[in-house]
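Read through the structure below, which is laid out as structure tokens, and then see the notes.
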Amino acid sequence: MKGLVSVILIAAAWQAASLLGWLNPYLLPPPTKVLYAFKDAAQGGILFIYLAASLRRVLTGLALGFAAAVPLGVLAASRAGVRAYLLPVIELLRPVPPIAWIPLAILWFGIKGNGASNFITFIAAFFPLFLHTFSGVRHIEEIHLNAARTLGADRKMLLFDVAIPSALPFIVTGLRISLGFAWMSVIAAELIASTSGLGYMIEMNRSMMNIPNVMCGMITIGATGYLMNEAIVRVERRFSWKPGRQDK
Amino acid sequence: MTQPIFKAENVYKSFKDPKSGVSLCALGGLSLEIRQGEFVSVIGPSGSGKTTLLYLMAGFLRPDSGTLLYKGEEVLGPSPERTVIFQEYGLFPWKTAAGNVEFPLKARGLSAEARRIEALKYISMVHLDGFADKYPHQLSGGMKQRVGIARALACGPQAVLMDEPFAALDNITREMLQEEILRLWSGLGKTFVLITHHLDEAIFMSQRIIVMSARPGIVKESVEVRLPEPRTAEVKAHPAFMALKVRLMKSLREEVEKSLAASKGPSFVREMGVIKVVEKEEP
Ligand SMILES: Nc1ncnc2c1ncn2[C@@H]1O[C@H](COP(=O)(O)OP(=O)(O)O)[C@@H](O)[C@H]1O
Ligand SMILES: [Mg+2]
């Protein structure tokens, strides 16, 4: 894996620069220090507790976002009336970044518990999923609709046997983008509006100037995001019916 | 006398170009009748409204004016009774061959097991045994169209409407599918309407050929094909086959020239008009 080679090379260069005294250890501690911090946090179990807390919020937000975005996306795509009322609202809300919702989220859900972070990840997950579902259903080919109707499909079959499977590759791509957004947003939310999670871990260690632990949190975020993306890319390939992408 | 399965009376259909707003008349008062159980081909220059006519019969489109009746009733929308075989197959790429054939069976409310059994029957009817669980992109063009045929038959249709179903296939595959369609037609007693720009195909397969005029499309003439049945490859060497081909070729060429002329401006149209009159004087 060439990616792994790059990571090792960067770490080695970083370590060398630290040993040569080129880097201020308070501003950028060497990888060995970060590794020790990793070991401590992992052995103490706190790293996994925080990781689990963040993951749970992401998955909750993603599930809520999916439950809201996919039906709304299908509805907006298939009904001109719904589309006319809904799209302007969506386009007004979409440019507001999820973190701009944090003040309201704190006000509504408080800092303790998962409410505020779940809400932020929901906001983050909703828009990519909605837009991808919407354009997936809008992109159904006319010939497939005509074929379905001349084969006797009723509304239910048009929805479940044509519209949704036809849009599925789009929806899964939306899911991948939403997952990335939600993961980034949960960390931002936890920096401010939480008392657990990887974001909280970073913020707490920053206030104590424990930079190796801050970096340990950052690396965990990066690695987890990477693994989730890899997993969903596989799901994406599995659900794509497009020729060439799913040749077995 | 039994009523025709399809009856079009003075059907007009125009399309508006959404960008320029210019309206284009595809069918200009077309009338025709198709008898129950008939095998009819429709030929005509490209752009003469053949697909439009078929889509009106299928119920994908509605006439602007005039009436289009199916068994005496106005066609209001698509129905599996008058199903379509598309040139580009129109298979659902997210379903296997069997899944595609099961689609109309599911629409008819059959249970999952009954669907599967029934679908395999139709798949075997078009000689695709062993390919039931392949996806469309894993099949060749000819195999895809076989799935299209099986799927249409699974509707239990009264009429099968085909829009240049073999146009994308090589000659051998085309001829094999032609013979298979004929075999299915003679065994089923259903009405088949075939749109094609391929004269041999039209003559070989049909009992009657409808020639469309250049745009705006109307029926220019309707020609009975009197050739021995069942049709086999030898029919193509029959003198009557040749004579009919020459005759239809002329008729078709006139229309193609008219539509070419129309696209080249009015002065040329008049010129071609003269030539046309001269051609018509020949016996
Ligand atoms: N959906 C449509 N929108 C606009 N123009 C159309 C549409 N369908 C057909 N036409 C036009 O109507 C004419 C007849 O088309 P068509 O029925 O496809 O002819 P054919 O099948 O004989 O080639 C053509 O000029 C075509 O451009
Ligand atoms: Mg056509």
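The values are calculated or read from the model by the stated rules, or taken from the named source; none is laboratory data. What you see is a predicted model, and the numbers here were worked out from it, not measured in a lab. Every residue, glycine as well, gets a Cβ built from its backbone with ideal geometry; the counts of neighbours run over all protein chains shown. Heavy atoms of the whole protein, side chains included, go into the accessibility calculation; ligands, DNA and RNA do not. Shrake-Rupley method; radii C 1.70, N 1.55, O 1.52, S 1.80 Å.
Name the residue, out of B:101, B:84, B:75, B:126, that is facing chain A (nearest Cβ under 9 Å) and open to solvent by less than 40 Å² (accessible area, probe 1.4 Å). Criteria check complete, one pass: B:84.
Assess whether residue A:184 counts as being on the phi > 0 side of the Ramachandran plot and in contact (Cβ under 8 Å) with a residue 24 or more places away in the chain. When the stated conditions are applied, residue A:184 does not pass them.
Results for (1) touching a residue at least 60 places away in the same chain (Cβ under 8 Å); (2) away from ligand 2 (no atom under 16 Å from the Cβ), shown as yes or no for each residue.
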| position | (1), (2) |
| --- | --- |
| B:8 | yes, yes |
| B:35 | yes, yes |
| B:51 | yes, no |
| B:62 | no, yes |
| B:65 | no, yes |
| B:77 | no, yes |
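All of A:7, A:34 fail the test of being open to solvent by less than 50 Å² (accessible area, probe 1.4 Å) and either more than 25 Å from residue A:212 (Cα to Cα) or in a helix (DSSP H, G or I) (or both), apart from A:34. With a requirement of 2 or more residues that are surrounded by 15 or more Cβ atoms within 10 Å (Cβ to Cβ) and modelled with pLDDT of 95 or more, the helices (runs of 4 or more DSSP H) lying completely within region A:100-174 that satisfy it span A:115-138, A:142-150. Find all pairs meeting these conditions: Cβ atoms under 8 angstrom apart; at least six residues apart or on different chains; first residue within region A:17-33 and under 18 Å from residue A:205 (Cβ atoms); second residue open to solvent by 80 Å² or more (accessible area, probe 1.4 Å). If the second residue must be open to solvent by 80 Å² or more (accessible area, probe 1.4 Å), the pairs left are A:25/A:33; A:26/A:209; A:30/A:19. Taking each residue of region B:215-231 that is without any contact (Cβ under 8 Å) to a residue 24 or more places away in the chain and looking for partners that are more than 16 Å from ligand 2 (Cβ to nearest atom) and part of a loop (DSSP other than H, G, I, E, B) with beta-carbon atoms closer than 8 Å, six or more apart or interchain, yields B:224/B:207; B:225/B:206; B:225/B:207; B:228/B:238. Restricted to region B:205-218, and to residues there that are away from ligand 2 (no atom under 16 Å from the Cβ) and buried (at least 22 other Cβ atoms within 10 Å of the Cβ), the residue that is farthest from the other protein chains (Cβ to nearest Cβ) is B:209.
Within region B:194-244, if we keep just the residues that are over 16 Å from residue B:175 (Cβ atoms) and charged (D, E, K, R), the residue that is farthest from ligand 1 (Cβ to nearest atom) turns out to be B:229.
Only residues that are open to solvent by 10 Å² or more (accessible area, probe 1.4 Å) and more than 11 Å from every other protein chain (Cβ to nearest Cβ) were counted in region B:104-123, giving 12. Might you let me know whether region A:38-60 holds any residue that is closer than 30 Å to residue A:129 by Cβ and assigned to a loop (DSSP other than H, G, I, E, B)? Among the residues of region A:38-60, not one is closer than 30 Å to residue A:129 by Cβ and assigned to a loop (DSSP other than H, G, I, E, B), which makes the answer no. For region B:146-172, a tally of residues being more than 16 Å from ligand 1 (Cβ to nearest atom) and either hydrophobic (A, V, I, L, M, F, W, C) or open to solvent by less than 30 Å² (accessible area, probe 1.4 Å) (or both) returns 15.
Among the residues of region A:14-31, count how many are open to solvent by 60 Å² or more (accessible area, probe 1.4 Å) and outside any loop (DSSP other than H, G, I, E, B). Total meeting the criteria: 1.
Checked against the criterion of being surrounded by 16 or more Cβ atoms within 10 Å (Cβ to Cβ), more than 19 Å from residue B:194 (Cβ to Cβ), modelled with pLDDT under 95 and among the hydrophobic types (A, V, I, L, M, F, W, C), region B:16-24 has no qualifying residue.
Return yes when residue B:104 is part of a loop (DSSP other than H, G, I, E, B) and either more than 16 Å from ligand 1 (Cβ to nearest atom) or of a type in the set (S, T, N, Q) (or both) and no when it is not. No; evaluated as a whole, the condition is false for this residue.
In region B:150-175, the residue that is nearest to the other protein chains (Cβ to nearest Cβ) out of those that are within 20 Å of residue B:197 (Cβ to Cβ) and touching a helix residue (DSSP H, G or I) at 6+ places or on another chain (Cβ under 7 Å) is B:161.
Selection within region B:58-72: residues that are touching a Lys or Arg at 6+ places or on another chain (Cβ under 7 Å), within 15 Å of ligand 1 (Cβ to nearest atom) and over 13 Å from residue A:146 (Cα atoms). The member of this set that is least open to solvent (accessible area, probe 1.4 Å) is B:63.
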